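To start, the structure itself, in structure tokens.
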Amino acid sequence: MAEEKKPEWFDENTSDNFATSLKEGIEMIAHHQIARKNKFIKKAAGTIDITKIQNLLVQGDRANLAKAITLVESNASKHFEPAQELLKNVLPHTGNAIRLGISGVPGAGKSTFIEAFGTYLCNLGYKIAVLAVDPSSSVNGGSILGDKTRMEELSRNPRAFIRPSPSQGTLGGVHRKTRETMLLCEAAGFDIILIETVGVGQSEAIVRGMVDYFMLLVLTGAGDELQGMKKGILELVDGIIVNKADGSNKSLAQKTKLEYGRILHFMLPATKGWEAKAYTCSSITGEGIQELWNVMQQFEELTKKSGVFQERRRLQAREWLHSLMNDQLRLLFYGNPKIKSLLPMLENQVIAGDKTVTKAVQEAFYAFMEGSRSSPQ
């Protein structure tokens, strides 16, 4: 009978029936596979090395910044405590960046402007983070626009970081975790945080409540646009930027600038001690970009000297606290078992005219308080 051919990895010197000694190359592969398996098991178990992420984040590591943002954006309950621990640990490294907000009607050229403005700032040596809030898909909740595809040049710049986030249906299209993301970017050493809104509804007011300088991007031909624009939006801005001021459109842009300037002159300033004005710029030629940055630097210097800058930050922190409390109360109320069972009946009674809205609300809150008292602490 022919001698059985041994496999290549078999070691003749090994006498054990159920153990083999692997050749050097095979042994390295085996250990590598075991290590990968252990890493997978660790990841599957949900262990998150907060200390490692934190240390690399404050060193400016972009990969760990992205991990940290994903962690705070997560809706999984198991990620809440690690995310809050991370935020608490990096707080001493936050607050040193200037926060800029930008809004504008669709088609105003926000992405093109941000790319031109951001590239200019990067060339000056600044590190810039762009938090661009995308409208969420109503089907899967994901981002529709994908800002990295709309800011190709800036996304390739090593001094820039772009994070498109789906709004997930929150008020005005502003992601509920944008504030936490902003803090993480500051902890990672970014000098300028630019938050772009989708420019719908009340998103402007929300962004105004989290930035230092708020600008509105508009197009030329202010006549019809001014008629449709809410007065409330103009009361929030620190500056209006008439975009696409180039070529044959340049003279019209200057005219639009004057029209907005006259309106702003008669309005109360959004920031105490600062007069909001209108400016023109071209994202294509770059004309006006330097002037805009000079204006923002003057704004920062003036408001810090007067104390308005610091006072605004304190008020924003307080508003954030109350906003999160309101969100939490809403979740507790509608998540209460008694409210879940009682609400459909109250709705039907109100619709049928058998009960007033005030009485229905009163009954709902009585049921909620009773349910809260009876629930285990």
Checking rank on 79-87, 294-302, with mean other Cβ inside 10 Å and highest first, the result is 79-87, 294-302
Simple spin-label estimate for Trp293/Leu268, 7 Å along Cα→Cβ, in nm, reads 3.5 nm
One finds, for Thr47 and Val105 with R0 = 56 angstrom and r their Cβ-Cβ distance, a FRET efficiency to the nearest 0.05 of 0.75
At R0 = 41 Å the Cβ-Cβ FRET efficiency linking Glu275 and Thr70, nearest 0.05, sits at 0.50
Net charge near Gln298 (other residues with Cβ under 14 Å of its Cβ; Lys, Arg +1; Asp, Glu -1) is -3
Interchain or sequence-distant (5+) residues whose placed amide H lies within less than 5 Å of the amide H of Ile241 are Leu216, Leu217, Val218, Tyr279
Placing each pseudo-label 7 Å from Cα in the direction of the beta carbon, Thr94 and Glu235 end up separated by a distance in nanometres of 2.9 nm
Counting only backbone N atoms under 16 Å from a point 7 Å out along Cα-to-Cβ of Tyr366, the residues of segment 326-344 in range are 338-339, 342-343
Flagged as over-length at 29 Å C-alpha distance, from Lys110/Lys177; Lys277/Lys304; Lys52/Lys78; Lys244/Lys305; Lys110/Lys305, the pairs are Lys244/Lys305; Lys110/Lys305
Once His79 and Leu324 are pulled to full extension, the length gained, defined as 0.36 nm per residue separation minus their Cα-Cα distance, is 86.5 nm
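Read-outs: derived from the displayed coordinates by stated rules, not from any lab. Predicted, not measured: the structure shown is a model, and the values here were computed from it. Quick reminder, even Gly has a Cβ in these numbers, built from the backbone with ideal geometry, and neighbours come from all protein chains shown.
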